[in-house]
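Visitor: Starting off with a structure, shown below.
The values are calculated or read from the model by the stated rules, or taken from the named source; none is laboratory data. It should be emphasised that the depicted structure is a prediction, and the values quoted were computed from it without experimental measurement. Reconstructed Cβ throughout: ideal geometry from the backbone, glycine too, with neighbour counts over all protein chains shown. Just so you know, the surface numbers come from the protein's heavy atoms only, side chains and all, with ligands and any DNA or RNA stripped out. Shrake-Rupley method; radii C 1.70, N 1.55, O 1.52, S 1.80 Å.
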Amino acid sequence: MTLVQNFPFFCIILSMFSAIISFPMNHRWAMRVHPIMVTAVLVMSLGVLGYVTSTGESYTFMMGHFPAHWGNEIRIGVLEALMAVFFSLIMLLSVLGGLAHIGREMNNSRKNLFFILLDLLMSSLLALIYTNDLFTAYVFIEINTISACGLIMIKKEGRTYVSALRYMVMSLVGSSLFLIALTLLYTITGQLLMTPAKEALAELVAAGEYQVPMLVIIALVTVGLGIKSGLYPFHTWIPDAYGYTTPAASAILSSLVSKGYLFLLIKIFYRVLDFEFVVSSNLVNLLFVLGIIGMIMGSWLAIKTQNIRRMAAFSSVAQIGYIYMGIGIGTTAGVVAALFHIISHGAMKSLLFISISGLSEVSDDKSDFESLKGAGFRNKLAGVAYTVGAMSMIGMPLLTGFISKYLFASAATTAQDKMVIAWIALAISTILNTVYFMGSVLTIYHSVPAEQRKPHGKMPSRVESAATVGLIALNVGLGVSATPVIQAIQTGLAMFG
């Protein structure tokens, strides 16, 4: 085994080790350790992506070199490596983009804990991407939940406590359903590693045995991870969770946490339950319907709010609906579109939350639309960044959001019975997106007197500005050069089988 093949394991361990060594450190050192760790993970993930792309084959890494059933293992293919690169890049840019806010919005005693939680969150996301063991996935789901809950309430304000409690209750329900599904799966197969479990299930399907328990397993896994990822109507925790925590935490929660669960769901569909069997169960039809309802209701709720951060949070409900609609189409093209949108939405939403914080900061730290009038003049970079993010969400050509919507529309043609409904839903959602995002862009560039064009607060630092520019470049880059990413997704999805 070459050195680069060890990198995924190193990435997970490095993230966890960073959390451990940060405990006795003061906040200044913890603040330095985290970006260094994420940068190292990004570099190693790029090396792994290059390796698996060149070989054209996936491989497994056995912990302690113990084989199944005793051992635990991770599996690395093109899709896993691509997601690891994306997750670490968004994590790095989001933290750097919100670094100054971290210093201003919480006291020194909590800053150390903030970065410890980020380290644990990074390790859990990487583990969800790479693990080939279902119980290990459950363990890191819980680590992910606890870390995210801590990030929500880190500011220790009244609203954040309520938000964290709501998030924790909903997440525990989802985790419980997922654990029950694993218990049933282990009962009928005796396996927890994904590949042996899939082989055992294939034998049961061929023999016509345990049909009802298998349908229950599919339903429990889907509903459990659907609750945790914010699928409508299980979305009620999202607006407060994303809307009231620190800008860096909002960007990370909206861009990465839900996406880890979505990626795990797709992986289980392909690598454990067999996607063709999932499609034949007709459960994907329910995901298709709930995804479309989420697309429309999320946008409608975003239109009704008068707070830009809550508007961006409600738009996440709509965007998660897009992903579930893609899965619900029930074809490979639909899943490819969903996976690309996981990346696309992460890039868009992190840019939006970081730019919103910049606009709010020069508007007396207010985020209602009335206070944000003319904010684009007071912070020009944040105004441009928000405009790019908003136009991408609408689906403007040359931006990543356009590619996502094109892929969904194209994927709909591969499922003739759902094509017209998907196209109508995409059209309605795009119109609604245009209403609230164009309205907010016009608000931040609303004509105001000269004295109101001056900043009413602190301007961003060079590090924040560089991170914002990086996120703008990512949104544009994915829009004009999406083909390599789409091809990597297609190759990695083929490796899943």
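Visitor: Would you confirm whether any residue within the range 261-271 is open to solvent by 10 Å² or more (accessible area, probe 1.4 Å), outside any loop (DSSP other than H, G, I, E, B) and more than 14 Å from Ser316 (Cβ to Cβ)?
Guide: Yes: one or more hits.
Visitor: Now for a separate question. Right, Ser363: open to solvent by less than 10 Å² (accessible area, probe 1.4 Å), over 15 Å from Gly401 (Cβ atoms) and in contact with a strand residue (DSSP E or B) (Cβ under 8 Å, 6 or more places away or on another chain) or not?
Guide: yes
Visitor: Looking at the range 315-335 only, could you name the residues that are aliphatic (A, V, I, L, M) and within 16 Å of Met419 (Cα to Cα)?
Guide: Within the range 315-335, Ile323, Met325, Ile327, Ile329, Ala333, Val335 qualify.
Visitor: Now, a different point. Would you be able to say whether some residue in the range 48-55 is open to solvent by less than 30 Å² (accessible area, probe 1.4 Å), part of a helix (DSSP H, G or I) and at pLDDT below 85?
Guide: Among the residues of the range 48-55, not one is open to solvent by less than 30 Å² (accessible area, probe 1.4 Å), part of a helix (DSSP H, G or I) and at pLDDT below 85, which makes the answer no.
Visitor: Please work out which residue is nearest to the chain's Cα centre (by Cα), limiting yourself to the range 407-443 and to residues that are open to solvent by 80 Å² or more (accessible area, probe 1.4 Å) and over 25 Å from Lys304 (Cβ atoms).
Guide: Ranking the candidates gives Trp423 first.
Visitor: Would you point out which residue out of Ser22, Ser58, Ser94, Ser45 is open to solvent by less than 50 Å² (accessible area, probe 1.4 Å) and in contact with a His (Cβ under 8 Å, 6 or more places away or on another chain)?
Guide: After ruling out the rest, the residue left standing is Ser22.
Visitor: Considering each of Leu177, Leu172 in turn, give the residue that is of a type in the set (A, V, I, L, M), closer than 22 Å to Phe277 by Cβ and modelled with pLDDT of 85 or more.
Guide: Leu177
Visitor: Right, here's the next one. Determine whether the range 348-356 contains at least one residue that is surrounded by fewer than 24 Cβ atoms within 10 Å (Cβ to Cβ), part of a helix (DSSP H, G or I) and either over 22 Å from the mean Cα position of the chain (by Cα) or modelled with pLDDT under 90 (or both).
Guide: no
Visitor: Output the qualifying pairs, or none if there are none: Cβ atoms under 6 angstrom, residues six or more apart or on different chains, first residue in the range 250-261 and among the β-branched types (Val, Ile, Thr), second residue crowded, with 24+ Cβ neighbours inside 10 Å.
Guide: The qualifying pairs are Ile252/Ser94; Val257/Ala148.
Visitor: Give me a count of the residues in the range 228-245 that are buried (at least 23 other Cβ atoms within 10 Å of the Cβ) and β-branched (Val, Ile, Thr).
Guide: Adding up the residues that qualify gives 2.
Visitor: Could you tell me which residue of the range 139-161 is surrounded by the fewest Cβ atoms within 10 Å (Cβ to Cβ), considering only residues that are at pLDDT below 75 and assigned to a helix (DSSP H, G or I)?
Guide: Result: Gly158.
Visitor: Follow-up. Would you check which residues across the range 195-213 are buried (at least 20 other Cβ atoms within 10 Å of the Cβ) and over 28 Å from the mean Cα position of the chain (by Cα) and list them?
Guide: Of everything in the range 195-213, just one residue is buried (at least 20 other Cβ atoms within 10 Å of the Cβ) and over 28 Å from the mean Cα position of the chain (by Cα), namely Leu201.
Visitor: Check the range 165-178 and report whether any residue there is open to solvent by less than 50 Å² (accessible area, probe 1.4 Å) and within 17 Å of Arg271 (Cα to Cα).
Guide: Yes, because at least one residue in the range 165-178 is open to solvent by less than 50 Å² (accessible area, probe 1.4 Å) and within 17 Å of Arg271 (Cα to Cα).
Visitor: Okay, moving on. When the residues of the range 135-191 are filtered to those that are in contact with a strand residue (DSSP E or B) (Cβ under 9 Å, 6 or more places away or on another chain) and touching a residue at least 24 places away in the same chain (Cβ under 8 Å), which remaining residue is nearest to Thr222 (Cα to Cα)?
Guide: Ala137
Visitor: For residues that are in contact with a strand residue (DSSP E or B) (Cβ under 9 Å, 6 or more places away or on another chain) and closer than 20 Å to Ile143 by Cα, scanning just the range 1-19, find the one that is most open to solvent (accessible area, probe 1.4 Å). Let's see the steps before the verdict.
Guide: In the first step, residues of the range 1-19 are kept if they are in contact with a strand residue (DSSP E or B) (Cβ under 9 Å, 6 or more places away or on another chain); the result is 1, 5-9, 12.
Narrowing the set further to residues that are closer than 20 Å to Ile143 by Cα leaves 8-9, 12.
Working: Pro8: 1, Phe9: 58, Ile12: 14 Å².
Once the filter is applied, the top-ranked residue is Phe9.
Visitor: Just to verify a result, which residue in the range 129-138, among those that are open to solvent by 10 Å² or more (accessible area, probe 1.4 Å) and part of a helix (DSSP H, G or I), is farthest from Ile180 (Cα to Cα)?
Guide: Only one residue fits best here, namely Thr136.
Visitor: Out of the residues in the range 487-497 that are at pLDDT 90 or above and open to solvent by 30 Å² or more (accessible area, probe 1.4 Å), which is nearest to Ser58 (Cα to Cα)?
Guide: By that ranking, first place goes to Thr491.
Visitor: Also: Give the range 179-194 a look and list any residue that's more than 25 Å from the chain's Cα centre (by Cα), open to solvent by 30 Å² or more (accessible area, probe 1.4 Å) and within 22 Å of Val284 (Cα to Cα), or say none.
Guide: Within the range 179-194, Leu184 is the sole residue that qualifies.
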